[in-house]
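Worksheet: the structure to be examined is printed underneath.
The values are calculated or read from the model by the stated rules, or taken from the named source; none is laboratory data. Only a predicted model underlies this, so the values are computations on that prediction, with no experimental measurement involved. A quick note on method: Cβ atoms are made from the backbone with ideal geometry, for glycine too, and the neighbour counts reach across all protein chains shown. The area values use the complete protein model at the heavy-atom level, side chains included, leaving out ligands, DNA and RNA. Shrake-Rupley method; radii C 1.70, N 1.55, O 1.52, S 1.80 Å.
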Amino acid sequence: QGPDGNGSITQEMRDFVNYTQRDFSEQTLVNYAANFGGDLVDLWAGTVGFAVGFEYREQSGSFRPDPVAERGETAGIPSGATAGEFDVSEFYGELNVPLIDNGMYWEANVAARYSDYSTSGDETTYKLSTLFRPIDALSLRASASTGFRAPGIGELFGGAAREDFTFLDPCADVLGQFGSANGGRDAAQPQNIIDNCATLGVPTTFIQSNPSLSSISAGNANLVAETSDAYTAGIVWNQAFDAGWISQLTASLDFYSVEVEDAIQGFNPSDVLVACVNSLDPDVCALTPRLSSGALDVIDNQLQNIGSVSSAGFDVLLSYASPEWSLGQVNVDFNATFLTEFEESIEDPDGNVAVIDRKGTHTNETFQRAFPELRWVTNISWLLNESWQTGIAFRYTDEMELEGGTTVDSVIFTDLRVAWTPDFGDGALTFALGFNNVLDEDPPICFPC
């Protein structure tokens, strides 16, 4: 358009190359469930409760991108179609057993679930939890459980989608003849790399003309389910007051620890390339095809069960309720989560395991992820005559580090909400009006995300 906006590109030209993208997706869920529960038997401390049930689900889904996007003629990255289905049968049972009820209270809960997926096999998961209340105002709770997450339709059957990344091919300018300023390298590669590149058919004069390489990620019908072990422990203090400024105060502190095995993700495509050149493993090198010139074609980076995740942290709740004054009632709730650990262990194609500490970081991968050490939300609400309710919420996210040493700043967003419940209809109807980010706070710049 030129520096003054009056270039030679006309509106008709823009209309000719622009288009409206139309993607089509469909998901269908058929669900049958039966649940039974009630009292089972009376014990010295109370009645044992039970629940049992069965559920059957059929789930199918598909995604068909616009033909222009499928060919990669939009952002230059082709989008693949997806289609697939699976079914699952599940049985569960749960017991709630009171152990003590004589001024103090103690109960235990035991649960189990059996899941049988047509795609991912079967698994039985368990949970054991307990609640102990030595006095009315104080509760102690803990749980231990196992988890099971079967891969979804996209992970199993997702069509190939291309991802571009910047990396210097280990076989580019292996003799260091051309220098980094000319697309090569400033020093020769070790002799074993030179020999391996020759075995792969790459000439020593090969130069990587484009610093950007490409890989494709796609679903994998051979994926197995992710499994997990989780542990929690917490303390709750809940006290009613008969004072002019306070009616109820609640405080809780909960610790959690979760470990996930067989995490589903793709390799770092550069690791696949390096593993092939280092090992000449035919299975790995089949994922990094090359053209007759020696240049890399598209790396095959299909989803795999290659990782594990270990995370831990604390959740904090503080809740205040005022008496019902003539001007209404005020409630204040503060919820915070502190992330103390988030480590990903990823097995590379060579079989080596790399441990990555994600706590306090923001990734710059294609599907970006954030792991702030602290997040909190504060809600302040005012209720008047059970008809009017107004509230203000503050949402805080801690600063995070990016790869390369830059930082995403911390930020607070402010939301407002007003609700009115008319007298007619016995409170069945409520009108609400909300404003998110009412102060128009700009989100922090994430560069180079």
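Inspection of the stretch 90-108 finds no residue satisfying the criterion of being open to solvent by 50 Å² or more (accessible area, probe 1.4 Å) and β-branched (V, I, T). For the stretch 175-201, which positions are more than 40 Å from the chain's Cα centre (by Cα) and open to solvent by less than 30 Å² (accessible area, probe 1.4 Å)? The answer is G176, G179, I194. If only residues of the stretch 409-449 that are part of a strand (DSSP E or B) and of a type in the set (F, W, Y) are counted, the one that is least open to solvent (accessible area, probe 1.4 Å) is F413. Kindly indicate whether S60 is in a strand (DSSP E or B) and open to solvent by 40 Å² or more (accessible area, probe 1.4 Å). No: the conditions fail for S60. The set of residues in the stretch 215-244 being crowded, with 17+ Cβ neighbours inside 10 Å, more than 30 Å from D116 (Cβ to Cβ) and of a type in the set (G, A, S) consists of S215, G234. For the stretch 291-332, the candidate set comprises residues that are over 24 Å from T146 (Cα atoms) and hydroxyl-bearing (S, T, Y); within that set, the residue that is least open to solvent (accessible area, probe 1.4 Å) is S322. Note on the stretch 277-286: residues that are touching a residue at least 40 places away in the same chain (Cβ under 8 Å) and open to solvent by 30 Å² or more (accessible area, probe 1.4 Å) total 4.
Looking across the stretch 127-151, just one residue is within 21 Å of A33 (Cβ to Cβ) and either without any contact (Cβ under 8 Å) to a residue 12 or more places away in the chain or aromatic (F, W, Y) (or both), and that is F148. Taking first residues from the stretch 87-113 that are over 14 Å from E123 (Cα atoms) and partners that are among the polar types (S, T, N, Q) and not in a strand (DSSP E or B), the Cβ contacts under 7 Å between residues at least 6 apart in sequence or on separate chains come to D87/S118.
Table: residues versus (1) farther than 24 Å from Q302 by Cα; (2) in contact with a helix residue (DSSP H, G or I) (Cβ under 6 Å, 6 or more places away or on another chain); (3) small (G, A, S).
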position	(1), (2), (3)
L138	yes, no, no
A144	yes, no, yes
R149	no, no, no
V174	yes, yes, no
R185	yes, no, no
N192	yes, no, no
G201	yes, no, yes
S214	no, no, yes
